[in-house]
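Accompanying notes for the structure given below.
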Amino acid sequence: MRFKTLAMASTLAATLCTTAQAQTEIQWWHSMTAVNNEWVNDLAKQFNESQKEYKIVPTFKGTYDESMTASIAAFRSGNAPHILQVFEVGTATMMASKTAIIPVGQVMKDAGEKFDPTAYIPAVAGYYTAPNGQMLSFPFNSSTTVFYVNKDAFKAAGIPTDKLPATWPEVAAAAAKLKASGHKCPFTTAWQGWTQLESFSAWHNVEFATKSNGLAGLDARMKINSPLHVRHIENLANMAKQGLFIYKGRGNVPEASFVSGECAMINTSSGFYGNVAKNAKFAYAVAPLPYYPDVAGAPQNTVIGGASLWVMSGKKPAEYKGVAKFFTFISQPEVQSASHKRTGYLPVTLASYQLTEKSGFYKENPGTDVAVTQMIRKVTDKSRGIRLGNYVQVRAIEDEELEQVWNGKKQPKEALDEIVKRGNEQLERFQKANKG
């Protein structure tokens, strides 16, 4: 009996071992926090439960900057993940790291998975596609900049909520009424470089940088000290002096001040929607970005934000097959639509957008289609997107110089001139390092 029990135990152990060995693990490094971290974990769980061969293991690796730094160190030591989430400003750097990545189009083709770049929203697919037409990374949490409003705060200040501010003069007027009613933070902005310089440029169809904002060559140079850019930063600086615009910090830090009800208006990512929907204790609205009505061609379209998924090199063919299977899974219209509804990130395929529209979600939740409608318009050479080298460093320069404006230490024109000067130094460095 004892021998029979031991034999059964041995057989069971062998079976479990074989099962464990048969399941290929795919490491996925990401930078999603709070409700979006929950979403990432749920996506991995859904995929893992849908089949037995592969297991996606999502791991939070800090902010976008931190995860990129960690991945470079891991790649050099031979321990890079299979999938790395990289924010859009890191795209040019990843494109230049040819030995470190494998184009997603190639990964899908080699694995025999159906992959049609034309199925994706053009502004999304185009941004992550090389000049030769090959898609380099997988569009994942693509977002764009939108305008959030606290409707309860508007009502308390006597501001109509049936027609929200659409222009910058209207934003300033609403901010003045909010302040007069006792509101201490009428307007704030997150991701200030992205919202007030990058998206601002595309939305008004003015150049952010030469060479189609860097999409047409590494020799692009910045142009954000134009009269329109100066005018806008001067207006924001004046609002700051009057207590109408309150600067709340870099990145997404200011978002907490909107969710708490402290700030009544904010420009930030459409991907903030999931946080607002879950945690805001007031009525809110999502609206298009404000624009200057006297600028010809405005509003045009906004540019892509968020991040994409890059496939790192040096892995086994069987592992890449698992990566491809996962990408196919999260590309399904039903999965994409559910993710869009949950997070506010764009439904990156046209089929998932159409499915969401047919479900009645946009009618039931007014404003949730703003991000999509801002992005699916016909783009121009000035509004297709911004792809510049060393852009993580350029964004830091934008933050440093704009902070000098908000605290009254620099004039807007002086700060923008300095962003152009220092930014171009970074672009020249990147160009020299990647001439080949």
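The values are calculated or read from the model by the stated rules, or taken from the named source; none is laboratory data. Because the structure is predicted, anything quoted here is derived from the model rather than measured. Quick reminder, even Gly has a Cβ in these numbers, built from the backbone with ideal geometry, and neighbours come from all protein chains shown. Each accessible area value is taken on the protein alone, full model and side chains, heavy atoms only, with ligands, DNA and RNA left out. Shrake-Rupley method; radii C 1.70, N 1.55, O 1.52, S 1.80 Å.
Restricting Lys163, Lys211 to those that are closer than 30 Å to Met94 by Cβ and basic (Lys, Arg) reduces the list to Lys211. With respect to (1) open to solvent by less than 20 Å² (accessible area, probe 1.4 Å); (2) of a type outside the set (A, V, I, L, M); (3) farther than 11 Å from Thr188 by Cα; (4) touching a strand residue (DSSP E or B) at 6+ places or on another chain (Cβ under 8 Å), the lone exception for Pro293 is condition (1). Of everything in segment 162-176 that's open to solvent by 20 Å² or more (accessible area, probe 1.4 Å) and within 25 Å of the chain's Cα centre (by Cα), which residue is nearest to Leu402 (Cα to Cα)? By that ranking, first place goes to Ala166.
Inspection of segment 69-82 finds no residue satisfying the criterion of being hydrophobic (A, V, I, L, M, F, W, C), closer than 30 Å to Ala209 by Cβ and touching a helix residue (DSSP H, G or I) at 6+ places or on another chain (Cβ under 6 Å). In segment 379-392, the count of residues that are without any contact (Cβ under 8 Å) to a residue 24 or more places away in the chain and touching a Pro at 6+ places or on another chain (Cβ under 8 Å) is zero.
Looking only at segment 317-343, count how many residues are open to solvent by less than 10 Å² (accessible area, probe 1.4 Å) and in contact (Cβ under 8 Å) with a residue 40 or more places away in the chain.
Taking segment 317-343 first, the residues open to solvent by less than 10 Å² (accessible area, probe 1.4 Å) are 322-324, 326-327, 330, 337, 340, 343.
Subset that is in contact (Cβ under 8 Å) with a residue 40 or more places away in the chain: 322-324, 326-327, 330, 343.
Selection size over segment 317-343: 7.
Scanning segment 411-421 for residues that are of a type in the set (Asp, Glu), open to solvent by 90 Å² or more (accessible area, probe 1.4 Å) and under 18 Å from Arg395 (Cβ atoms) yields nothing. Counting only strands (runs of 3 or more DSSP E) that sit wholly inside segment 49-154, those with at least 3 residues that are over 18 Å from Leu309 (Cβ atoms) are 145-150.
Among the candidates Asn434, Asn424, the residue that is of a type outside the set (A, V, I, L, M, F, W, C), touching a helix residue (DSSP H, G or I) at 6+ places or on another chain (Cβ under 7 Å), in contact (Cβ under 8 Å) with a residue 24 or more places away in the chain and surrounded by fewer than 21 Cβ atoms within 10 Å (Cβ to Cβ) is uniquely Asn434. For segment 92-102, residues that are modelled with pLDDT under 95, out of contact with any helix residue (DSSP H, G or I) (no Cβ under 7 Å at 6 or more places or on another chain) and either under 24 Å from Ala119 (Cα atoms) or among the small types (Gly, Ala, Ser) (or both) total 4.
Yes/no matrix, rows are residues, columns are (1) over 23 Å from Arg250 (Cβ atoms); (2) touching a residue at least 40 places away in the same chain (Cβ under 8 Å); (3) in contact with a His (Cβ under 8 Å, 6 or more places away or on another chain):
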| residue | (1), (2), (3) |
| --- | --- |
| Thr129 | yes, no, no |
| Gly133 | yes, no, no |
| Asn141 | no, yes, no |
| Asn150 | no, yes, no |
| Ile159 | yes, no, no |
| Lys163 | yes, no, no |
| Ala166 | yes, yes, no |
| Ala180 | yes, no, no |
| Trp191 | no, yes, no |
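Would you be able to say whether some residue in segment 112-133 is open to solvent by 40 Å² or more (accessible area, probe 1.4 Å), farther than 30 Å from Asp294 by Cα and at pLDDT 95 or above? Looking through segment 112-133, at least one residue is open to solvent by 40 Å² or more (accessible area, probe 1.4 Å), farther than 30 Å from Asp294 by Cα and at pLDDT 95 or above. Counting only helices (runs of 4 or more DSSP H) that sit completely within segment 177-274, those holding 1 or more residues that are crowded, with 21+ Cβ neighbours inside 10 Å and on the phi < 0 side of the Ramachandran plot correspond to 199-203, 227-241, 255-259. Restricting the first member to segment 282-304 and to residues that are under 28 Å from Gly214 (Cβ atoms), and the second to residues that are small (Gly, Ala, Ser) and part of a strand (DSSP E or B), the beta-carbon pairs closer than 8 Å and six or more apart or on different chains are Ile304/Ser142; Ile304/Ser143.
I'd like to check something: does segment 308-316 contain any residue that is more than 24 Å from Ala92 (Cβ to Cβ) and either of a type outside the set (A, V, I, L, M, F, W, C) or open to solvent by 10 Å² or more (accessible area, probe 1.4 Å) (or both)? Yes, there is a match, as at least one residue in segment 308-316 is more than 24 Å from Ala92 (Cβ to Cβ) and either of a type outside the set (A, V, I, L, M, F, W, C) or open to solvent by 10 Å² or more (accessible area, probe 1.4 Å) (or both). Of the helices (runs of 4 or more DSSP H) lying entirely inside segment 322-436, those containing at least 1 residues that are hydroxyl-bearing (Ser, Thr, Tyr) are 333-343, 350-358, 361-364, 370-375, 391-406.
Mind listing whichever residues of segment 275-285 are over 16 Å from Phe154 (Cα atoms) and either of a type in the set (A, V, I, L, M, F, W, C) or surrounded by fewer than 17 Cβ atoms within 10 Å (Cβ to Cβ) (or both)?
Selection gives Val276, Ala277, Lys278, Asn279.
In a residue-by-residue description of segment 59-72, the property of being at pLDDT 90 or above, open to solvent by 10 Å² or more (accessible area, probe 1.4 Å), in contact with a His (Cβ under 9 Å, 6 or more places away or on another chain) and not aromatic (Phe, Trp, Tyr) applies to at least one position.
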